[in-house]
Amino acid sequence: FVHPNFIADPFPITEKRPEENLDWVLKTGPNPPYLVILESPLFTRPIMMKLKNGSSRVAGVAVVAPNANPPKGFSPHTTCPNENTGVYTEEYDPAFAHCNVTMWNPLGNGLSYEEYDFPIFSMKDDNDTQIIRQCYLDHNRAVNGSTPQYPLCAMQLYSHMSAVTDTATCMRRNDINFSISPEMVCDPLGDYNVWASTRPINNTAKGHKMFESVVIAAARLDSRSFFFDIAPGAESGVSGFVTLLAAAQALRNATQEAQPNRTILYTFFQGETFDYIGSSRMVYDMQSNQFAVDLDNVHSVLEIGQVGLRADSKLWLHSDPVSMKNSSVNNEVRKLIVNLQTASRGLNVSVEEPGFSQPLPPSSFQRFLRARPIPGVVIEDHQSAFTNRFYESMYDNAEYLNVSYPTNMTPEEQLEFVTETAKVLIVSLNFLLSRSVLFSLCKVTRMLYGFLVRTNNSWFQQLIPSDLASHLGKLGHTFLKISEPTLLVQYLLANLTGSTPNITQDNCQNQREDEEDKESKHFYYYMWVQGAAPPNSTQREGYCVRSTVRLSKALSPAFDLRDYTSTNFSTWTESRWKSIKGRIFLVASHDLEMLTLGVGVGVLITSLILTYVISSKADMLFSAGREPANATY
Amino acid sequence: MNLERLPNEEKLSLCRKYYLAGFAFLPFLWLVNVVWFFREAFFKPTYTEQLQIKAYVKRSALGLLLWVAVLTTWITIFQHFRAEWGEVGDYLSFTIPLGIP
């Protein structure tokens, strides 16, 4: 939440003498407030804390984002992600609370969770940034210790935020309907979870389903970074859900012949970064009979976490030691782990347990455990602390996962190029399914391309309805509406696990097979997608996709319960803002401005006096050669 | 309205009306009374009604001063402490500024 409209001089902090330059900004510089241009190696916690504490002299910070990832790690998230909303509280087991055993994100510097009184922007290192640097070098640099002379280069960063203080205050101000034009100042963070089942489940009849025992296969959809709208989340999010999507497709092919005796429920949770919004909502819905199944129907949970970087070709199976004290839970988990380990023999990956009593890493499964002890396993590529050095930062991108393509490839070629990462994920996939099944390597590679490099590609275009086609890749950040990753995963999952019945577009969009069908809409969801154009025409041939894919609302229960200071559920909201922009210009000295004002005022007063004098002596001045004064008017 | 053209009784009644109306939480009427009738009450040659007018003007001025004092104190306190009063402050406000606590 930041204050708008400060004009200040830019002051690049160079690598050479950062301490001296910081002192200039914070203590000795003669023309505060200053706007700091920070090169990315200096974007660290100590420097940002100093700037935050001296914020009366700091008008803003512009960080120059590098073109390549930094060699050391950088994670603006906390060291113990979601520590208060997971399952490890003081009551559950004090030995495991607050990451006592394992600090999951050791490189975390917590910058994203500090409050700053000035805007912080990130700029790409390109021509515009070079102009800014040049402006500083031309006008603002102190020569031989003397202070720089006016006119100086100034920069203004505008990012006005409407909400202040905390969620309880801003939600209260949203609700006040006393004034003429009530203004919404903030919105709760929320989106939709995507879920599907291998066997159709009646979605209209909520609550417990008799004789239904499901295994939840979960993954996380979202990620964040310090800056708005750059949250690639390649290792933290994309690797997990792409693996699960590919597994869903492979299982569909396998289950054509033989149905597994347990239904698998694929769930993709949104909002997990912000205190488990999606999974806490799903568990809450299950507990209050608002979901198609309830917690008694859940047999176990298998979650795919961060699986993109695999040092030593190992995958680790994490389980919760506290719930495993219960013998039945223990038995189920043991069976699951044995299955997974058996399946991995003979493949290129080894699958192990961490080997010591360790709590679960931050995962959606923790919210299920908060409700009741359920057997479950979380698959990760790290034994204890994260191998991800850029957790929840803007550097967790395609480059980090080595999703790279040879240069000079067209987008079409890149779509089909099988990267190393895809192969890695497929191996993870292979052991996950307890039998060898056909998998589609090209699908995984296309998904990685679509989510990490370029969303607007030909394959994604075929899977979505026509009204979304022009917006692909451009859907902005929205609240309480469906975001682009959610939509894409929804259509992808439908394409990969559904079927294509031969029904008309009208029937398809009305959720029925034919005119008399009233039952299918409870079990299936029908989507009309635009498809591909056949080779000798430009008109796309749409078709209907029937699947069990549904969306479920992912809004924290705290907002339905109106408990804005809840410690059980996520209470994150996002402030509304006006347009975000910045500009640089040359600014004149204060003395010159005052002189201009003074001259203007002087001219005004002089002209007033002159007018008064002339008007009072008008008859004398203008009477020569005129009619005598007895003319009437 | 030009007071020159009014007879003295009407001047007195006008002054009295403004004085009495100001008690309905309308201190501006007292301000008008003071400014308008100041010259009449203190700088014109004496006439019978002038004593009454003088009294009304003095009392209006007193009331005005009291109002100014009360309002200034309340406005200062409110502007300073509204943010700290939390919920109470919000419910007392008609428009709440955006972007600052």
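The values are calculated or read from the model by the stated rules, or taken from the named source; none is laboratory data. From a predicted model like this one, the values you see are computed outputs, not experimental measurements. All Cβ positions, even for glycine, are placed from backbone atoms using ideal geometry, and neighbour counts span all protein chains on display.
Only one of the numbered conditions (1) surrounded by fewer than 23 Cβ atoms within 10 Å (Cβ to Cβ); (2) assigned to a loop (DSSP other than H, G, I, E, B) is violated by A:A248, and that is (2). If we scan segment A:299-309, do we find a residue that is at pLDDT below 90, small (G, A, S), over 23 Å from A:L265 (Cβ atoms) and touching a Phe, Trp or Tyr at 6+ places or on another chain (Cβ under 8 Å)? For segment A:299-309, residues at pLDDT below 90, small (G, A, S), over 23 Å from A:L265 (Cβ atoms) and touching a Phe, Trp or Tyr at 6+ places or on another chain (Cβ under 8 Å): absent. Just so you know, in segment A:567-614 the residues that are surrounded by fewer than 17 Cβ atoms within 10 Å (Cβ to Cβ) and of a type in the set (S, T, Y) include one that is nearest to the chain's Cα centre (by Cα), and it is A:S579.
Taken over segment B:78-101, the criterion of being touching a residue at least 12 places away in the same chain (Cβ under 8 Å) and more than 11 Å from chain A (Cβ to nearest Cβ) is satisfied by B:F78 alone. Scanning segment A:180-200 for any residue that is of a type in the set (V, I, T), out of contact with any Asp or Glu (no Cβ under 9 Å at 6 or more places or on another chain) and under 27 Å from A:D396 (Cα atoms) turns up at least one such residue. Restricted to segment A:1-52, and to residues there that are within 14 Å of chain B (Cβ to nearest Cβ) and under 25 Å from the mean Cα position of the chain (by Cα), the residue that is modelled with the lowest pLDDT is A:F1.
If you go through segment A:480-514 and keep only what is of a type in the set (S, T, Y) and in contact (Cβ under 8 Å) with a residue 60 or more places away in the chain, you end up with A:S483, A:T486, A:T497.
Could you list, in sequence order, all residues of segment A:524-553 that are among the β-branched types (V, I, T) and farther than 12 Å from A:T497 by Cβ?
Those that are among the β-branched types (V, I, T) and farther than 12 Å from A:T497 by Cβ: A:V529, A:T538.
When the residues of segment B:45-101 are filtered to those that are touching a Lys or Arg at 6+ places or on another chain (Cβ under 8 Å) and among the hydroxyl-bearing types (S, T, Y), the one that is farthest from A:D166 (Cα to Cα) is B:Y56. Of all the listed residues (A:E541, A:E513), the sole one being in contact with a Gly (Cβ under 7 Å, 6 or more places away or on another chain), under 25 Å from A:L468 (Cα atoms), of a type in the set (D, E) and outside the structural domain of A:L35 (by the TED database) is A:E541. When the strands (runs of 3 or more DSSP E) confined to segment A:112-225 are screened for residues that are away from chain B (no Cβ under 14 Å) and surrounded by fewer than 18 Cβ atoms within 10 Å (Cβ to Cβ), those reaching at least 1 such residues are found at A:120-124. Of the set (1) touching a strand residue (DSSP E or B) at 6+ places or on another chain (Cβ under 6 Å); (2) closer than 30 Å to A:K206 by Cα, all apply to A:A292 but (1).
Scanning segment A:333-351 for residues that are modelled with pLDDT under 90, assigned to a helix (DSSP H, G or I) and surrounded by 12 or more Cβ atoms within 10 Å (Cβ to Cβ) yields A:K335, A:L336, A:I337, A:N339, A:L340, A:Q341, A:T342, A:A343, A:S344. Of all the numbered requirements in (1) part of a loop (DSSP other than H, G, I, E, B); (2) of a type outside the set (S, T, Y); (3) in contact with a strand residue (DSSP E or B) (Cβ under 9 Å, 6 or more places away or on another chain); (4) outside the structural domain of A:G237 (by the TED database), A:I482 misses one, and that requirement is (4).
Every residue in segment A:358-398 that is closer than 28 Å to A:F121 by Cβ and either out of contact with any Leu (no Cβ under 9 Å at 6 or more places or on another chain) or free of Cβ contacts under 8 Å to residues at least 60 places away in the same chain (or both), please. Across segment A:358-398, the qualifying residues are A:E392, A:S393, A:M394, A:Y395, A:D396.
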